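What follows is one structure encoded as structure tokens, with my remarks underneath.
The values are calculated or read from the model by the stated rules, or taken from the named source; none is laboratory data. Model, not experiment: these values are computed from the prediction. Heads up, the Cβs are rebuilt from the backbone with ideal geometry, glycines too, and the neighbour counts pull from every protein chain shown.
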There are 2 protein chains.
Amino acid sequence: MKLFRKVTVIGVGLLGASLAKACKERDLVDKITGYGRNLSNLKKAKDLKIIDNYSVDLSEAVSDTDLVVLCTPVLTIIPLIQNLVSQLRPGTLITDVGSVKDPIVHEADKLVTEGNFFVGSHPIAGGENPGLEASCSSLYQDAKCIVTPTKKTDKKALKQISALWQAIGMNVIALSSEEHDFIFGAVSHLPHIIAYALMNSLGGLKTSNNLEVTGFSGAGLRDITRIASSDPVMWRDICLSNRNHSLNLINRFQKNLEEIRNSIEREDGQELEKKFMAAKKCRLNLI
Amino acid sequence: MKLFRKVTVIGVGLLGASLAKACKERDLVDKITGYGRNLSNLKKAKDLKIIDNYSVDLSEAVSDTDLVVLCTPVLTIIPLIQNLVSQLRPGTLITDVGSVKDPIVHEADKLVTEGNFFVGSHPIAGGENPGLEASCSSLYQDAKCIVTPTKKTDKKALKQISALWQAIGMNVIALSSEEHDFIFGAVSHLPHIIAYALMNSLGGLKTSNNLEVTGFSGAGLRDITRIASSDPVMWRDICLSNRNHSLNLINRFQKNLEEIRNSIEREDGQELEKKFMAAKKCRLNLI
């Protein structure tokens with residue numbers, strides 16, 4: 001079933017290209033237009049039939065479209081909305097896939113003019129390999145997608161955006177943008193910060209005989225630091241956009257780490273076991 | 001080729017049972033005796049033909065054996081050596097699989113009497129699922145095994161112990177026990193401490209609308225906290241046995257985390273990107 005006549009994907013990377021592929025596979029859209037700054041990437045996307053056409057001119061790319069999906073780094077989303085909003089025909093929907101929602105949805109609400117509709121989205125999908133090359137039509141299948149309506153959000157627009165994510169296999173959940181940023185600050189942003197900090201602690205660390213400690217790493221270290229190979233620019237912007245939650249959650253983690261450190265320092269085996277046991281219980285509930 | 005006539009495995013869990021299976025598969029040993037405190041576990045091991053016989057009496061289990069391999073938690077290794085050393089016939093070899101080596105090898109050197117030989121080993125193999133049930137003959141295949149000879153270590157004994165690990169597919173590396181504990185404090189013990197602390201930080205954490213944040217976890221959080229489901233008692237003992245390195249490495253990590261925190265607080269994107277980039281580079285070198 002067709003959901004839209006024309007969709008414009010802004011940023012044809014891992015998320016944008018995977019969305020386009022998923023829409024094509026399910027025949028949800030008549031025509032997909034790509035926009036981006038990298039002409040050769042857009043050409044490649046067209047050659048691979050991921051998109052039907054493209055433009056490096058933003059107003060051309062969004063004119064006469066039903067839906068604009070912003071699939072670019074979080075800090076570029078508001079400037080792009082600023083530039084494209086006056087180019088839209090009335091009735092156009094806008095959504096994004098940014099990992100931080102509160103600053104985006106509040107700015108977007110101010111920018112989007114009467115007759116057009118913005119709904120913030122965060123499909124929980126991705127991977128540490130970026131770009132078109134890593135895209136696939138099943139990226140979103142069976143994953144959660146958070147939508148973050150505000151008081152200003154149009155109910156029909158929210159339904160239409162939710163229907164798109166559902167049509168490509170996602171489980172759509174509505175949260176306030178504030179609640180979203182707290183949750184993903186905890187389960188996603190904090191783990192990335194920790195993985196980067198751990199890698200910084202071990203990189204270049206040598207023994208007295210000049211052996212690099214990382215030469216002895218095993219599956220445990222590889223798993224715990226997998227996300228440290230994520231895009232530094234993307235994660236810089238996420239951390240800065242979600243600054244307050246990031247800082248509070250780092251504090252919370254530091255307090256827990258300090259408590260474990262104190263138990264080791266005091267050689268308090270009973271307390272240490274209690275803490276490790278609580279962590280294990282919580283980890284088993286994750287699965 | 002037979003390496004030993006009779007081997008006694010003390011502790012028939014994941015590591016002990018996997019060693020027995022690997023030796024049997026390669027026909028390295030005439031007879032494998034199991035010792036442990038849990039009679040039903042020993043019976044099961046015999047029924048499954050992992051071991052040839054067993055005893056719950058330590059002196060009986062080690063009498064007339066060529067090699068004793070201690071596969072029990074780190075803090076039990078020295079007390080066990082204390083109890084078994086007087087029961088050995090002259091020429092018996094002893095090794096262990098403990099994850100911390102410095103306190104063990106120095107105590108063992110003092111305890112093991114003239115004519116018997118101790119060599120500390122740490123095969124880098126395991127998994128978060130414990131016990132006989134999780135054992136397999138290929139657990140050690142292609143993994144590293146650290147041996148930690150001291151000034152007192154007999155050269156021939158070191159060769160014989162190394163030959164055993166090599167025969168079951170391991171890449172044997174000799175390090176000082178001090179160097180071993182620093183390295184594995186960094187690449188193994190610190191990551192476990194961090195995974196436990198992260199899980200403690202998120203367990204039970206709720207939003208203002210009473211949603212559990214861990215209900216929104218994805219692959220990133222699952223990977224970074226996988227090792228938090230490891231045995232709390234085993235890791236309590238490892239952290240306490242490697243106390244000084246653990247404390248210093250936690251300090252080092254806390255410093256790196258604090259630097260990232262400061263960059264976020266100051267909204268210093270350039271510095272934050274630099275730190276994330278350095279971490280990513282180091283992570284890519286891990287593979």
Could you please let me know if A:V85 is touching a Leu at 6+ places or on another chain (Cβ under 8 Å), outside the structural domain of A:H189 (by TED's automatic domain parsing) and assigned to a strand (DSSP E or B)? no
Can you pull out the residues in region B:220-237 that are over 14 Å from B:I194 (Cβ atoms), in a helix (DSSP H, G or I) and under 12 Å from the mean Cα position of the chain (by Cα)? B:M234, B:D237
Does A:F216 qualify as being touching a residue at least 40 places away in the same chain (Cβ under 8 Å) and within 7 Å of another protein chain (Cβ to nearest Cβ)? no
Does B:I224 satisfy being within 7 Å of chain A (Cβ to nearest Cβ), surrounded by 24 or more Cβ atoms within 10 Å (Cβ to Cβ) and at pLDDT below 95? yes
Output the number of the condition that B:V100 fails; it satisfies all remaining conditions of (1) without any contact (Cβ under 8 Å) to a residue 60 or more places away in the chain; (2) outside any helix (DSSP H, G or I). (1)
With respect to B:R89, is the statement that it is surrounded by fewer than 16 Cβ atoms within 10 Å (Cβ to Cβ), farther than 21 Å from B:P130 by Cβ, in contact (Cβ under 8 Å) with a residue 60 or more places away in the chain and out of contact with any strand residue (DSSP E or B) (no Cβ under 6 Å at 6 or more places or on another chain) true? no
If you take just the helices (runs of 4 or more DSSP H) that sit entirely in region A:148-212, which of them hold at least 3 residues that are more than 13 Å from chain B (Cβ to nearest Cβ)? A:155-167
Test set (1) farther than 27 Å from B:W235 by Cα; (2) buried (at least 22 other Cβ atoms within 10 Å of the Cβ) - B:E60 fails condition number: (2)
Just to be sure, is B:I77 within 18 Å of B:G13 (Cα to Cα), among the aliphatic types (A, V, I, L, M), in the same structural domain as B:K44 (by TED's automatic domain parsing) and touching a Leu at 6+ places or on another chain (Cβ under 7 Å)? yes
Region B:24-44 - residue that is touching a residue at least 40 places away in the same chain (Cβ under 8 Å) and over 21 Å from the mean Cα position of the chain (by Cα) and, of those, nearest to B:M1 (Cα to Cα): B:L28
Within the set of pairs 6+ apart or on separate chains, which have a first residue in region A:1-23 that is not assigned by TED's automatic domain parsing to the domain that holds A:K44 and modelled with pLDDT of 95 or more, a second that is of a type in the set (D, E, K, R) and surrounded by 23 or more Cβ atoms within 10 Å (Cβ to Cβ), and C-beta atoms under 7 Å apart? none
Can B:V105 be described as surrounded by 22 or more Cβ atoms within 10 Å (Cβ to Cβ), at pLDDT 95 or above, in a loop (DSSP other than H, G, I, E, B) and of a type outside the set (K, R)? no
Does region A:137-148 hold any residues that are without any contact (Cβ under 8 Å) to a residue 60 or more places away in the chain, buried (at least 20 other Cβ atoms within 10 Å of the Cβ) and either more than 12 Å from A:F118 (Cα to Cα) or not hydrophobic (A, V, I, L, M, F, W, C) (or both), and which are they? A:C145, A:I146, A:T148
Pick from region B:254-287 the residues that are in contact with a Gly (Cβ under 8 Å, 6 or more places away or on another chain) and among the aliphatic types (A, V, I, L, M): which of them is farthest from the other protein chains (Cβ to nearest Cβ)? B:A278
Which residue pairs have Cβ atoms under 7 Å apart, sit 6 or more places apart or on different chains, and have a first residue in region B:228-253 that is more than 8 Å from chain A (Cβ to nearest Cβ) and a second that is among the aromatic types (F, W, Y)? B:H245/B:F182
Strands (runs of 3 or more DSSP E) lying entirely in region A:1-60 (those with 3 or more residues that are of a type in the set (F, W, Y) and over 12 Å from A:S137 (Cβ atoms)): none
Would you mind telling me which numbered condition in (1) at pLDDT 95 or above; (2) out of contact with any strand residue (DSSP E or B) (no Cβ under 9 Å at 6 or more places or on another chain) B:K206 fails? (2)
Sort out which residues of region A:257-279 are of a type in the set (S, T, N, Q) and under 27 Å from the mean Cα position of the chain (by Cα), and write them in order of number. none
